[in-house]
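To start, the structure itself, in structure tokens.
Bear in mind these aren't lab numbers, they're just calculated from the coordinates by the rules spelled out. Quick caveat: nothing in here was measured; it's all calculated off a predicted structure. Counting neighbours? That spans all protein chains shown, and the Cβs are built from the backbone with ideal geometry, glycine included.
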Amino acid sequence: MHKPVVFLDIDGVLNSKQWYAHDAASHEGIPPTERKLWEQSIDPDCVQRLNRILQQTGAVVIVSSSWRKKHALSEIVSILESRGFRGEVEGATSANGTLSRAEEIAEWLAENRPPGAVYVVIDDELTSAPPTERVVSPSNQTGLTDKDVERAIAILTGTF
């Protein structure tokens, strides 16, 4: 039996405009390293919400974020773990420049899961993934909220 899957975007999901405004004010005058900048871009509260989804559903993460084009998967995991992530990252969608993110997700599912596999896409920009009822779209103003968490859990447990 395959575990449920969370296709995870990062920007706008695990951070937000609200977080950047808060974070910039709290780190004034501290010259960060590049790695530290990436870590600071992640809101620990949003990470805890993601953890709640994974803990309550037994889901694993597949990174579909554009971060996979800039960072090795192991580095993404390390950055997330530095901000409190406690889940399992099983892999990433391909970073094929000719496919849309929705097509990359569909390709990953076709290659790695049987038809009818349980999954949710958490992405602030993706609204056209088939089927759209499996997409949770946080606001890039707030990132992942408790309401988003409830919807993702409902999708993964079949109660939506």
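Here are some notes:
- Amide proton proximity set for Val135, modelled H, under 5 Å, gap of 5+: Val121
- Sequence of Asp146, Asp9 once ranked by neighbouring C-beta atoms within 10 Å, starting from the fewest: Asp146, Asp9
- Fraction of the pair-distance distribution of segment 5-157 above 28 Å, Cα-Cα pairs, percent: 15
- Förster-model FRET efficiency, 25 Å R0, Ser82 and His22, C-beta, rounded to 0.05: 0.90
- Number of Lys-Lys pairs in the chain with C-alpha atoms under 25 Å apart and a separation of 8 or more places or on different chains: 7.
- Spin-label model, Asn96 to Gln141: label points 7 Å out along the Cα-to-beta-carbon direction sit 3.6 nm apart.
- Once both labels are positioned 7 Å from their Cα atoms along Cα-to-Cβ, the gap between Lys36 and Gln56 label points is 3.6 nm.
- Candidates Ser137, Ser100, Ser65: whichever shows maximal mean-square fluctuation once the chain is modelled as a Gaussian network with Cα springs under 10 Å: Ser100
- Rounded to 5, the percent of DSSP beta bridges in segment 5-157 classed as antiparallel: 5
- Which of Ile153, Ile122 has the fewest Cβ neighbours within 10 Å, and the rest in rising order: Ile153, Ile122
- Thr132 versus Ala117: modelled label distance in nm, points set 7 Å from Cα along the beta carbon direction: 2.4
- Amide proton proximity set for Gly91, modelled H, under 5 Å, gap of 5+: Val63
- Think of segment 5-157 as having a plus end and a minus end, set by charges on the Cβ of Lys, Arg, Asp and Glu; of Val135, Ser66, Leu50, Leu50 sits farthest toward the positive end of this dipole.
- Compared with the direct C-alpha span, the chain from Glu75 to Asp45 gains 8.8 nm at full extension, assuming 0.36 nm per residue.
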